[in-house]
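Quick notes on the structure that follows.
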Amino acid sequence: EEKAMLLEYLELCTVHEFEKADAILERVLESQVARLNHYVGQHNHVLCLERNNGIPHADIEFNLDYKKHKEVLRSVQKYCSSNRMPYYNYEIRTTKQDDAILSCCQGRDAMWIDFQAKADVAKEFFHDMESILKPFGFRKHWAKGTSNTDPTYLVQQFPRVAEFIKLMKSFDPMGKFRNTQLEAWFEVMDGLVTKAEEEEAAKNIQEEKKED
């Protein structure tokens, strides 16, 4: 029943019948709240059920420095106050920093914001979200929406990329453990690292000439 109501909600939004759509969404939320005390099970199973009710959608998840969370949330709220969100919810979570080389949480406590949208409106909406959050230096969940973003920008947000490339070349020089998508990212990373090394070498040469 909830899935049917949510599908109706999305259809009404498509034709800009927002008042009727919001009334249906209120019914969905009332139904969900009424059942919350009856859940027994793993939290991720519960969240998956409640978050989208099996409705196909695209999503994109941003990782940002937790220290900037107030400014980030104010920016998102400002957008929401003047724009209709294309889906009925978005998710916010936090995680502690870690030291994994290409982890979004590498070196900083983080907050995450996951936005969803139906496929026909996802591209424009996700572009809006990226434009809003880019000044805060977002990193991307590697499995969510990376195709929407300039790969050069994404790679530049990870300070240990050069270390990762060195390890990749050492342990997998022939690329046997890379698929097509990973190979594309590897090429971008390798190109950026090579360019940075060449620029640093040229800078050092110029410095040596000045000293002479």
Report, by residue number, each residue of the range 18-35 that is without any contact (Cβ under 8 Å) to a residue 12 or more places away in the chain and open to solvent by 90 Å² or more (accessible area, probe 1.4 Å).
-> GLU19, LYS20, GLU26, GLU30, VAL33
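Would a scan of the range 129-138 turn up a residue that is open to solvent by 70 Å² or more (accessible area, probe 1.4 Å) and closer than 24 Å to ALA196 by Cα? Give the derivation first.
Start the filter on the range 129-138 by keeping residues that are open to solvent by 70 Å² or more (accessible area, probe 1.4 Å), which leaves 134-135.
This time we only want the ones that are closer than 24 Å to ALA196 by Cα, so: 134-135.
Yes, the range 129-138 has at least one match.
Among the residues of the range 96-123 satisfying the criterion of being part of a loop (DSSP other than H, G, I, E, B) and of a type in the set (D, E, K, R), which is nearest to THR146 (Cα to Cα)? Show your work before the answer.
Restricting attention to the range 96-123, the residues satisfying the condition of being part of a loop (DSSP other than H, G, I, E, B) are 96-97, 99-105, 107-109, 118.
Adding the requirement that they be of a type in the set (D, E, K, R) leaves 96, 99, 108-109, 118.
Working: LYS96: 22, ASP99: 22, ARG108: 21, ASP109: 21, LYS118: 17 Å.
Among those that are part of a loop (DSSP other than H, G, I, E, B) and of a type in the set (D, E, K, R), it is LYS118.
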Please identify the pairs in which a residue from the range 186-212 that is in a helix (DSSP H, G or I) and modelled with pLDDT of 85 or more has its Cβ atom under 8 Å from the Cβ atom of a residue that is open to solvent by less than 100 Å² (accessible area, probe 1.4 Å) and basic (Lys, Arg), counting only partners at least 6 apart or on another chain.
-> PHE186/ARG178
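Of the residues ARG139, ARG108, which is in contact (Cβ under 8 Å) with a residue 60 or more places away in the chain and within 24 Å of MET189 (Cβ to Cβ)? Break it down into steps so the answer makes sense when it comes.
Details: ARG108 fails: in contact (Cβ under 8 Å) with a residue 60 or more places away in the chain.
Going through ARG139, ARG108 in turn, just one is in contact (Cβ under 8 Å) with a residue 60 or more places away in the chain and within 24 Å of MET189 (Cβ to Cβ): ARG139.
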Within the range 54-79, of all residues that are in contact with a Lys or Arg (Cβ under 7 Å, 6 or more places away or on another chain) and among the acidic types (Asp, Glu), the one modelled with the lowest pLDDT is ASP59
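The values are calculated or read from the model by the stated rules, or taken from the named source; none is laboratory data. Because the structure is a prediction, the values reported are computed rather than measured. All Cβ positions, glycine included, derive from the backbone under ideal geometry; neighbour counts span all protein chains shown. Areas reflect the complete protein model, heavy atoms only, side chains present, ligands, DNA and RNA absent. Shrake-Rupley method; radii C 1.70, N 1.55, O 1.52, S 1.80 Å.
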